[in-house]
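This report concerns only the one structure given below.
Nothing in this text is a laboratory measurement; each read-out follows from the coordinates by a stated rule. On a predicted model such as this, the values are computed, not experimentally measured, just so you know. Cβ placement follows ideal geometry from the backbone for every residue including glycine, while neighbour counts extend to all protein chains displayed.
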Amino acid sequence: MNFHSTEELLQAARDLIARLEREGHDSAAAELRDGFACLNGLTDGWAMFLESIERVKRSGSKHLEREERRALDAIREDVRETVYRT
């Protein structure tokens with residue numbers, strides 16, 4: 001795991017969304033924000049957030065700065081562990 005708590009993970013996601021917005025990556029930020037809004041404390045909400053992360057990775061992560069890609073990958077890893085309990 002990359003984060004010590006769920007709150008730390010959620011804050012990292014909020015920070016990444018804000019950074020993407022500042023850098024003009026509006027579609028990536030909107031996709032992550034939509035997925036983030038699905039979090040409801042249940043696995044299905046985490047799965048929907050994971051799907052949003054995957055869409056961002058597939059569609060535009062090559063246009064992101066290295067730090068943003070690293071943050072996205074770290075968030076993805078922990079969200080995936082939450083969904084699949086690996």
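Less than 12 Å Cβ to Cβ from Thr6, Lys/Arg counted +1 and Asp/Glu -1: what total charge do the surrounding residues give?
Working: positive: none; negative: Glu7, Glu8, Asp78, Glu81.
Charge balance in the 12 Å sphere: -4.
From its DSSP helices (H runs of at least four residues, each -39,500 (n - 2.57)), the chain gives a residue-normalised ellipticity at 222 nm of -25000 deg cm²/dmol.
Using Cα pairs closer than 8 Å and at least 6 residues apart in sequence, work out the relative contact order for region 6-84, in percent.
33
Which value, in debye to the nearest 20, gives the size of the charge dipole of the chain about its Cα centre, when Lys and Arg are +1 and Asp and Glu are -1 at the Cβ? Intermediate values should be presented prior to the final figure.
Working: 14 positive and 18 negative charges, 50 e Å.
Approximately 240 debye in magnitude.
Between region 1-16 and region 43-57, how many Å separate their Cα centres? Each part's Cα centre sits 15 Å from the other's. Residue by residue, region 44-49 carries 3J(HN,Hα) couplings of 5, x, 5, 5, 5, 5 Hz when phi is fed to the Karplus relation 6.51 cos²θ - 1.76 cosθ + 1.60 (θ = phi - 60°); x denotes Gly or Pro.
Taking each residue as 0.36 nm, the span from Arg33 to Asn2 lengthens on full extension beyond its C-alpha to C-alpha distance by 9.1 nm.
Working note: Karplus 6.51/-1.76/1.60 with θ = phi - 60° gives region 25-30 the couplings 8, 5, 5, 5, 4, 5 Hz, where Gly and Pro are set to x. Can you pull a Stokes-Einstein diffusion coefficient for region 6-84 at 4 °C (1.567 mPa s), Rh from Kirkwood over Cα pairs, as a whole number of µm²/s? Roughly 107 µm²/s, to the nearest whole number.
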